[in-house]
Amino acid sequence: MSRTRISLAASAAALVALAAAGCAPQPQNTPAAAGAKDAALCTTDSPSLHKRGRLTVATDSPAYEPWFDSNTPSNGKGFESAVAYAVAEKLGFERDQVKWVVEPFAHSYAPGPKAFDFDINQISITPQRAKAVDFSTSYYTANQAILALDGSAFAKATSLSAFKDAKIGVQVATTSYQAVLDQIKPSKQPSVFSTTKDEVTALRNGQIDAIVTDLPTVFYLAGAELENGEIVGQFGYAGGTPEKFGLLLPKDSGYTSCVNQALDELKADGTLARLTTQWLSASANVPELKR
């Protein structure tokens, strides 16, 4: 048989096959089939998991309070540990199927493959980071907070107006600068620093009286960077862009919609609000400051 005849025969066969396919049901294109496929992706044996049959969760080390407790993410204590296990339960995982791994914060949103299913580590959702990784919907919106030195004139302040004449430090390009102007309305222009390390140095040296930044950063600075830091209080700020934390997943992960669904359920049944109150308000006991 010549090459031409083989091609014609093959073409004819292809036409017959296409015609038959056109008449036959195509279940993979139906909504029901698509739903079944999505459901399959959200099982504990999903091929989208880093390792099928277990949920691999990452965070940095050391893991600070109130997000974690005793630097032991697997104990279920602290806000982010509790949220991770709540998400795992919604996804159908038993507690012993959750495997914790260490992922340095700065590496978490770098491009490339990931050795986890999601990372939970006070990671802000930003458009720039979202170019390299996936983010879930937000599980926490951070308030602004004020940090002073224990024993200073502002350490026991009970209102925002008490900081009117204080020298306040903020970090460049953050929401905090505008929050200070709008909420505290200080008599002195806030000092702007390039890094939180510069802010801490200025606070230690007496160049500023207080630092204003998001509450999670204040917790970190008080716990890890200062021996005599005093978290004076927190306040909400509706202006600017609220800082929202999300679970970080590998780019284009097939599991992103699954964790979003789990978070939606935790919001709807009140679990997320309860965990927030338990670990970030009651335990942390940071008073809310008003003018």
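Tabulated data
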| item | result |
| --- | --- |
| Mean separation of Cα contacts under 8 Å (6+ apart) over length of the stretch 164-291, as relative contact order % | 24 percent |
| Cβ-placed point charges (K, R +1; D, E -1), dipole of the stretch 130-275 about Cα centre in debye, nearest 20 | 300 debye |
| Computed E for N75/V192 - FRET, C-beta separation, R0 45 angstrom, nearest 0.05 | 0.70 |
| Value of relative contact order over the stretch 177-243, rounded to a whole percent, pairs C-alpha under 8 Å and six or more apart | 30 percent |
| Dipole of the stretch 43-193 [Lys/Arg +1, Asp/Glu -1 at C-beta], most positive-end residue of A130, N75, V102 | A130 |
| Over the stretch 70-189, relative contact order from alpha-carbon pairs under 8 Å, at least 6 apart, % | 15 percent |
| Among the listed pairs K99/K267; K77/K156; K77/K290; K99/K244; K244/K267, those beyond 21 Å (Cα-Cα) | K99/K267; K77/K156; K77/K290; K99/K244 |
| For the stretch 147-248: rounded, prolate or oblate by the Cα gyration tensor [a/c cutoff 1.5] | rounded |
| Karplus (6.51, -1.76, 1.60) ³J(HN,Hα), θ = phi - 60°, over the stretch 104-115, in Hz, Gly and Pro reported as x | x, 3, 5, 8, 4, 9, 6, x, x, x, 10, 9 |
| Three-way shape label, the stretch 80-151, alpha-carbon gyration tensor, a/c 1.5 | oblate |
| Assigned charges on the beta-carbon of Lys, Arg, Asp, Glu; the stretch 33-124 dipole about Cα centre (debye) | 300 debye |
| Three-way shape call for the stretch 160-212 based on the alpha-carbon gyration tensor, with the a/c threshold at 1.5 | oblate |
| J(HN,Hα) series, the stretch 184-189, from Karplus relation 6.51 cos²θ - 1.76 cosθ + 1.60, nearest Hz, glycine and proline x | 8, 6, x, 6, 10, 5 |
| Volume in Å³ per residue [convex hull over Cα atoms, computed for the stretch 218-285] | 149 Å³ |
| Largest-first ordering by accessible area, 1.4 Å probe, given options E230, E265, E288 | E288, E265, E230 |
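The values are calculated or read from the model by the stated rules, or taken from the named source; none is laboratory data. Treat the numbers as computed from the prediction; the structure is a model and nothing was measured. Note: ideal-geometry Cβ built from the backbone for every residue, glycine included; neighbour counts use all protein chains shown. For the accessible areas, the whole protein counts, side chains as well, though only heavy atoms, and no ligand, DNA or RNA atoms are used. Shrake-Rupley method; radii C 1.70, N 1.55, O 1.52, S 1.80 Å.
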